[in-house]
Amino acid sequence: FSYNTESSMISRLLLFMSSILFLSMSFLFCYTNSYLIPQSLIRRFLPMDSRSASSLVMSLRPDVAHKYHPPPWAEGKLTNLPKHGRLHLANLPTPLHAIGTSGITSVSKNKKDGEKKEILNRLEELDIKLYIKRDDATGGAELGGNKVRKLEFLLAEALAEGCDSVVTIGGEQSNHCRATASASRMVGLSPHLILRTQRAEAIHDKKDNIGWTGNILFDRMVGSTIYTCTPGEYGRLGSQKLVEGVCKYLQRHEKASRKPYPIPVGGSNGVGTWGYINAVDELMEQLASINNGNSTKKEEKLTFDHVVFATGSGGTATGIALGMSLSYGSLGDGHPATKGQPAPKLHAVGVCDNPEYFYKTMTHLAQDMGLSVPLSTYIDENDTTSAVERFVRDSVTVHHGKGRGYALSTDEELDFITQFSLETGIVLDPVYSGKALYHFVTEVLGKDPESYRGSSILFWHTGGALGMYEKGNDLLGRLKHMSSVKRIDAYGTKGASDGSNIVQIIT
């Protein structure tokens, strides 16, 4: 067959080039017509790594919305689906980390023997396994945290409605406002932020300035127009009326009349909350992948007995509560990864307001999402609570964990945050995650430790590390104690009189 060698090589080359062309055209067709491929099929038949790669390709255009298909376990149970699809802004899936329980010296300056144990040692004594869902890793400094999951749906709607700007509201160091401002710029919308601050009058009178600390720096780096109001004005008028007022101002008084898109505090409404239905499905896929990988080993399957998370505006908590309950089959077929597994107990730690406020808020959001609950299952003639509210209350326990108040930290909370970062390398923010985990470990678990013995706990980290900058002065004493600074004596000229802060490297 030697006379066919050259033609054979040419044939192979042509076949190879044809295959490359076919794959390229197939990819182009799938990318430009991604709405033709049901996401439920992608979830079911592609491994997690392949889905991640697919998401990465689609995220090349952050301003392009893709048709959203709800998880199979949510179909028919949540009936108000996002009409305008979803943008791909976040870095997903976020990691699921197992936290080791090796002991380490406490950084508490006032510790007495036996008075305060290290955090992870305390969990180890109770044989508790701790896992963290790292939603602090969703999108870098600009977008990181839980809010970007909601913004993927909210901004898709803003673009579909032909809006050219976004108006939202939050505290002075609002993670939500920072993420909204950055995401808006990414998709070509102008950000307008209402920030609640005690310094509103002083800033207006030029006796103070808005500054550039933490989240505010990022707000300003993307050219946000910032409007200030006092906590009193916020409380009397309400966040919705303030947002509506700025929207009307932009429509009537801007030189070029704008079409603003209003986003509620925290991005928490029936559209944004879909971000955490999607997040729960992501977690289910991670569990399936992990447990399928362990199927041939003697290791036990990974399950959770408790899931803990912070709640402020209620959207994230509602998405997790509905998502976990439905994915574990509370209203029919759940996710395959949960088959035969009891549903974990959910703990939402309120960082503001009281538990009743959150139950009502979560019920309202569940209704906005079209939660369909069988009356015969979740209502009785002696209970005036609606079926949806009863479902919410049965799905999650809300704890009162605000401490001194929203964004106000106690010494104990800051001690906990610094100790946890020293033990794990993971920084919790002082407004949401840090306050929530502190309250759960010290109050909920601390008051009845035996009921948690041998359990597996998932903590959902919702980000917010930029809020640490505002706590710099409060943290200063703790940082000096846990992180020393020494001077290198490069030339051997400092002498011993400068004490232990000198490190001599000349031999």
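The values are calculated or read from the model by the stated rules, or taken from the named source; none is laboratory data. Remember, predicted model here, so these are calculated numbers, not experimental data. As a convention, Cβ positions derive from the backbone with ideal geometry for all residues, glycine included, and neighbour counts pool all protein chains shown. In case anyone asks, the SASA skips ligands and DNA or RNA and just uses the protein heavy atoms, side chains included. Shrake-Rupley method; radii C 1.70, N 1.55, O 1.52, S 1.80 Å.
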Exercise. Residue by residue through the range 160-166, which ³J(HN,Hα) values in whole Hz follow from phi under the Karplus form 6.51 cos²θ - 1.76 cosθ + 1.60 (θ = phi - 60°), with glycine and proline marked x?
Worked result: 5, 8, x, 6, 10, 8, 10
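Ranked highest first by the average count of other Cβ atoms within 10 Å around their residues, in what order do 284-291, 226-233, 322-329 fall?
Numbers: 284-291: 18.4, 226-233: 15.6, 322-329: 24.4.
Top of the packing list down: 322-329, 284-291, 226-233.
Tell me the Kirkwood hydrodynamic radius of the range 329-484 in angstroms, computed as one over the mean inverse distance between distinct C-alpha pairs.
Value: 18.0 Å, from the Cα pair sum.
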Exercise. Under unit Cβ charges (Lys, Arg +1; Asp, Glu -1), what dipole magnitude, rounded to 20 debye, does the range 389-434 have relative to its Cα centre?
Worked result: 280 debye
For this session: Note the per residue figure in Å³ for the convex hull of the C-alpha positions in the range 263-331.
Result: 90 Å³
For this session: Go ahead and run the numbers for FRET between D127 and T397, Cβ-Cβ distance against an R0 of 25 Å, rounding to 0.05.
Result: 0.65
Seminar exercise, completed: Placing each pseudo-label 7 Å from Cα in the direction of the beta carbon, H204 and K447 end up separated by a distance in nanometres of 4.2 nm
Exercise. For the range 218-272, what class follows from the C-alpha gyration tensor (a ≥ b ≥ c being the square roots of its eigenvalues): rounded when a/c is under 1.5, otherwise prolate if a/b is larger than b/c, else oblate?
Worked result: rounded
Exercise. To the nearest 10 square angstrom, what accessible area does S500 show with a 1.4 Å probe?
Worked result: 90 Å²
Seminar exercise, completed: Order by accessible surface, 1.4 Å probe, largest leading, for residues R487, R236, R122, R149 comes to R236, R487, R122, R149
Seminar exercise, completed: Computed on Cα atoms only, the convex hull of the range 277-407 has an orientation-averaged projected area in nm² of 9.3 nm²
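Provide T303, T316 ordered by accessible surface of protein heavy atoms (probe 1.4 Å), highest first. Spell out each step's value before the answer.
Working: T303 45, T316 10 Å².
Output order, biggest surface exposure first: T303, T316.
For Q341 and E412 in the same chain, what is the full-extension length gain: residue separation times 0.36 nm, less their Cα-Cα distance, in nm? List each step's numbers first, then the result.
On the way: separation 71, 0.36 × 71 = 25.56 nm, distance 3.64 nm.
The Q341-E412 span can extend by a further 21.9 nm.
If you rank D333, D305 by how much accessible surface each has, with a 1.4 Å probe, what is the order from largest down? Let's see the in-between values first.
Details: D333 130, D305 70 Å².
Largest accessible area first, the residues go D333, D305.
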For this session: Loop only per DSSP, at most 13 neighbouring Cβ atoms within 10 Å: give me the trypsin sites (Lys or Arg not before Pro) in the range 389-427, ordered by residue number.
Result: R404
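Does the range 427-499 classify as rounded, prolate or oblate by the C-alpha gyration tensor (a ≥ b ≥ c root eigenvalues; a/c under 1.5 gives rounded; else a/b over b/c gives prolate, otherwise oblate)?
On the way: a/c = 3.47, a/b = 2.31, b/c = 1.50.
Prolate shape, in that a/c is at least 1.5 and a/b is the bigger ratio.
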Exercise. Hey, rough spin-label estimate for S289 and L237, points 7 angstrom out along Cα→Cβ, what's it come to in nanometres?
Worked result: 4.6 nm
For this session: Ignoring everything but the protein chains, give the 1.4 Å probe accessible area of S484 in square angstrom, nearest 10.
Result: 80 Å²
Problem set entry | Relative contact order (%) - criterion: Cα under 8 Å, at least six apart; region: the range 223-330 | 28 percent
